[in-house]
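Below you'll find the structure, written out as structure tokens, and then a few comments.
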Amino acid sequence: MILTDREIQSAIQTQQIRIDPSPDAAAYSSTSLDLTLAGKARSWKAPIGGVQIAIDPGSDGFKFSEVYQTYTTDVDVPTSGYLLEPQAFLLGWTQEHVSLPSHSRLAARVEGKSSLARLGLGVHITAPTIHAGFDAPLQLEIVNHGAIPIRLRSGMRICQLIFEQTFGTPAKGYAGQFKTQSSG
Amino acid sequence: MCRIKCEHVMDGPGPQEQVVRVKQATGVYEEVIASRSSISQNMLETSSVLARDDGKVLIELPRESASGKWRLWINSADTQG
């Protein structure tokens, strides 16, 4: 079940959803909440020519840190703008820190905004779920699928959150008195 | 809640994140990107223990690990709580 604007506001008031800084009234739609782009991002570097490399994320003990340190670099996204070239891939984050306590029985999905999608801008890659227990700014996998460079500005509305009620409390969030009770 | 031993690998990628590695009961290390707020004194906050088996406990990580795992078997000796 998707939360409406009134239910989202109610959940924020009761701290079942925590968002910092607090969203302004114009950030809501009937069933979503807009979040904004932070001023720091991470750009991916293409490998040098003539070198064949491959990432192997399915291997046991895969080290994301080595890929990250070798093939990405810090970039600023100022309010004056960062130009995202066609096909470029950027790891960005929201300015807002989002917390969904496990006991709140809420999860969320991060989705793009149609106004940006029609320009060719994608803000996540197949992993939209904000799981119960999440507590951080949201990572965005930003790609310009269009043919024209797109200027990204810190503080611009970059994505929206759709909140959903979970059916029950996940095991990791359940600390009730019957937690260890067995049926025997 | 449970806490498991972790080692700092690097800061980032997010502004309030760290990459840490945790040792599975198999001995293989797994990298996890976690919120700084979930790490204290080289211990990573996880779910409470979901199952126990022969000196090992099954916990759920706060985030999906680098190789895609949410739940890991960890030696009990590497946990608190």
Inset, instruction - Would you mind ranking A:Phe64, A:Phe167, A:Phe89 by Cβ crowding within 10 Å, fewest neighbours first? - result: A:Phe167, A:Phe89, A:Phe64
Inset, instruction - Return the FRET efficiency for the residue pair A:Thr73, B:His8: r is the Cβ-Cβ distance, R0 is 22 Å, and the value is rounded to the nearest 0.05. - result: 0.55
Legend entry - Simple Cβ-charge dipole of the protein assembly as shown, Lys/Arg +1 and Asp/Glu -1, about Cα centre, in debye nearest 20: 200 debye
Inset, instruction - Pull up the cross-link candidates among the lysines for B:Lys5, meaning alpha carbon to alpha carbon under 29 Å and not fewer than 8 places away within one chain. - result: A:Lys63, A:Lys172, A:Lys179, B:Lys23, B:Lys56, B:Lys69
Inset, instruction - Throw me the Rg/Rh for region A:1-154, computed over C-alpha atoms with Kirkwood Rh, two decimals. - result: 1.01
Legend entry - Interatomic Cα distance distribution for region B:2-80, bins of 10 angstrom, percent: 21, 58, 19, 2
Inset, instruction - Hey, could you get me the Stokes-Einstein D for region A:1-67, Kirkwood radius over alpha-carbon pairs, 20 °C and 1.002 mPa s, rounded to whole µm² s⁻¹? - result: 131 µm²/s
Legend entry - Packing-based exposure ordering (other Cβ within 10 Å, fewest first) of B:Ser48, B:Ser76, A:Ser59: A:Ser59, B:Ser76, B:Ser48
Legend entry - Point-charge dipole on Cβ atoms (K/R +1, D/E -1) for region A:1-128, about Cα centre, debye to 20: 140 debye
Legend entry - Residues B:Asp54, A:Asp20, sorted so that the one with the fewest Cβ neighbours within 10 Å comes first: B:Asp54, A:Asp20
Inset, instruction - Between A:Thr94, A:Thr169, A:Thr31, find the one with the highest GNM mean-square fluctuation for chain A; connect C-alpha pairs within less than 10 Å. - result: A:Thr169
Inset, instruction - Could you work out which residue, out of A:Ile55, A:Ile19, A:Ile150, moves most in a Gaussian network model of chain A, that is, has the largest mean-square fluctuation with Cα springs under 10 Å? - result: A:Ile55
Legend entry - Pair-distance profile P(r), taking every C-alpha pair of the protein assembly as shown, with 10 angstrom steps and integer %: 6, 27, 32, 24, 9, 2, 0
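Here, each number is a calculation from the coordinates, and none is a lab measurement. The structure displayed is predicted, hence computed values, not measured ones. Note that each Cβ is placed from the backbone with ideal geometry, even for glycine, and that neighbours are counted across all protein chains shown.
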